[in-house]
Amino acid sequence: MSNIGSYEKGIKNFDWSISEKELDYKDGNTINIAWYCSDRICQMGKADKLALIYEGFGGVEKEYTFNDIRLAGNTIGAFLRNLGIVQEDRVCLFMDRIPELYLSFLGVLKIGAIVQPLFSAFGEESLFVRLENAQTRVIITQRKHLSKIRKIVDKLPSLEHIIIVDHKESKSLQKNEVPFNLEDATPVEDFEIFPTKANSPSVLHYTSGTTGQPKGVRHVHYSLISQYLTTKWILDLQDNDIYWCTADPGWVTGTSYGIIGPWSLGITQCVLNSGFSAETWYKFIEKQRITVWYSAPTAIRSLMKAGDEIVGKFDLSCLRHLASVGEPLNAEAIVWSEKVFNKQFLDTYWQTETGSMMITNFPDMKIKPGSMGKAFPGIEAALLDPKTFEPFDEPGRIGLIAFKPGWPAMMTTYWNNNEKFEEKFKNGWYLSGDRSSIDKDGYFWFTGRDDDVINTGGHLVSPFEVESALLEHEAVSESAVVAKPDEVNMEVVKAFITLKPGYEPSDELELKIMNFIRKKLSPLAMPQDIEYMDSLPKTRSGKIMRRILHAKEWGEEIGDISTLEDE
Amino acid sequence: MEEMKDIILQYVIEEYLEDDEEEITYDTPLISGGFVDSFSMVSLKVFLETKFKISLPDDKATPEAFDSVNNIVNLVKEFID
């Protein structure tokens, strides 16, 4: 029997107070996510239960009980407090998926500061714009990432402390760099947790848009109410489960459902800090006896590509529940998972801005492979007409996916950019930026984004950011970036460029430009394909018509070109 | 042969290793070890094609085939005349 029982039962008389009651939360009370994820679980008699099973490079294994993570959160919180960090200061976590990343998340929240997790593969430019925008005071990192930070630290006057979690005495430290080795620190047993309230900021995740710089999505401690219940009902986590969320906490899935959801439920979770290979993943599932697995379509399609034979080499009978997030899960992947794992992946749809799952498939609900599922109880989801922003319910008609504001995990603003935040609402609806249709049974069917943002492997990449970075390369005169279809990642970045005089197209130059973007922004943003052009299509006013290039890549109708420069 | 191994190893060290203390050998797992991610694999493929003047079909450029310098050398050798 699943936690939700049935979808019909879940939506009947639904109220978010269900979650509040289970968490013993009352309006106006203190609510601190880190306390709920560690101290409260210990008080419930699970102090000795495993909270984290970690496996890293070279076979390194570590285990932490809920009491261990409570103490680690205290110890890190105390260290930050001693540095003078206070509530609402921004503390960036810039680490690989090592235990310190997860434990620092708790430590930062315990002092009421705001966690700013950033993907450790980000290059210096991506890191700089996000730290500058958030006016981050502290960054917690590993030695291996220091070189990127050292290149930009002089341009970041707000950045006062760079904490290194694996410092070696043989290495010299530079200005503002502070060593902190958790294993050498004296554990702090009693710690005064900052009394955050429902609207106190908690996590700041950055997301990309079509234009402008990335936006900092500001979440609050009350988001726990949604994250707790969606984890319980959709991921169906039960007390004896061993859970694996494959997402990096640099992205929202890795915090909402890779830290907050499972730990607030007192569930043991596993972290594998290694690169992807089918064998490594299957071996990990078999070894840790993972029962609930939350992953992404890109990973699932990569596993499909690795073939069925390799699955048979491992005992994966421990798996009882599978779910997926990041981009639409194609029907073939669902059919495949049923064939090889004897379980279907449940597709879940939500965004950085929504903070928790919004439209989803549920345990015990009939799955229509390829569909996004139905709205979570308490979530009012609708399709809007793109011109009038009025909701409609005709089956099969494509519209903008929108939500009535008010669910607990909804973002509260974009950091330093409330104007952009306001633009996300029309007629009282939050606009997701995605399109879908709905069928007669109320299932949503994703059709695509409503803007030019590229969804590659479940991560959003801004074409504007890549275009701007391309222009910084000495050979590039003009650039236009669009999504290109890809079998595994759904979309990848494709760049069209014109060259400055004196440069000739060549494979060597293509490689140099690819590596330039990879190091400056991130591997995700690196164009997987670069096409040299004599000129880019532009409007008569000189604006590059990305739409034409996108249509070319996707084999679509080009549409109205009456404003094209050369027509 | 030795030269090819060293060219590839040197390229991987220069382009993908963030930590100058990390040491990799011809057998170090590059993809499953997390040194080269799946997105960056594309740039490694372009490097091999450009450097050794070959064309590697996508279905041959798998994470397994790219998982060590030795594996890559074996793959490249298949496509060199």
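The values are calculated or read from the model by the stated rules, or taken from the named source; none is laboratory data. None of the values given here were measured: they were computed from a predicted structure. Here the Cβ is made from the backbone with ideal geometry for all residues, glycine too, and neighbour counts use every protein chain on show.
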Counting only residues in the stretch A:457-472 that are modelled with pLDDT of 90 or more and within 14 Å of another protein chain (Cβ to nearest Cβ), the one surrounded by the most Cβ atoms within 10 Å (Cβ to Cβ) is identified as A:Val466
Going through the stretch A:547-561 in order, the residues found to be of a type in the set (Gly, Ala, Ser) and modelled with pLDDT of 85 or more are A:Ala551, A:Gly555
Original post:
Within the bounds of the stretch A:36-46, is there any residue that is in contact (Cβ under 8 Å) with a residue 12 or more places away in the chain, closer than 30 Å to A:Leu460 by Cβ and of a type in the set (S, T, N, Q)?
Top reply: no
On the basis of being within 14 Å of chain B (Cβ to nearest Cβ), under 15 Å from A:His161 (Cα atoms) and buried (at least 21 other Cβ atoms within 10 Å of the Cβ), does A:Thr136 make the cut?
no
Scanning the stretch B:51-63 for residues that are within 11 Å of another protein chain (Cβ to nearest Cβ), outside any helix (DSSP H, G or I) and surrounded by fewer than 17 Cβ atoms within 10 Å (Cβ to Cβ) gives B:Lys53, B:Ser55, B:Asp58, B:Asp59
Only one of (1) charged (D, E, K, R); (2) surrounded by fewer than 17 Cβ atoms within 10 Å (Cβ to Cβ); (3) under 24 Å from A:Asp450 (Cα atoms) does not apply to A:Glu504, and that is (3)
In the stretch A:487-530, anything away from chain B (no Cβ under 11 Å), more than 14 Å from A:Phe464 (Cα to Cα) and touching a strand residue (DSSP E or B) at 6+ places or on another chain (Cβ under 8 Å) is listed as A:Met490, A:Glu491, A:Thr498, A:Leu499, A:Lys500, A:Pro505
Over the stretch A:468-502, the set of residues on the phi > 0 side of the Ramachandran plot and part of a strand (DSSP E or B) is A:Met490
Only one of B:Val42, B:Val12, B:Val73 is surrounded by 17 or more Cβ atoms within 10 Å (Cβ to Cβ), more than 11 Å from chain A (Cβ to nearest Cβ) and farther than 22 Å from A:Leu146 by Cα, namely B:Val73
A:Tyr257 being touching a residue at least 24 places away in the same chain (Cβ under 8 Å), within 15 Å of A:Gly457 (Cα to Cα) and in contact with a helix residue (DSSP H, G or I) (Cβ under 7 Å, 6 or more places away or on another chain): no
Here, helices (runs of 4 or more DSSP H) confined to the stretch A:237-301 with at least 1 residues that are of a type in the set (Ser, Thr, Tyr) and in contact with a Leu (Cβ under 9 Å, 6 or more places away or on another chain) are A:261-264, A:278-288
Here the residues within the stretch B:25-34 that are facing chain A (nearest Cβ under 7 Å) and within 12 Å of A:Phe57 (Cβ to Cβ) are B:Ser32, B:Gly33, B:Gly34
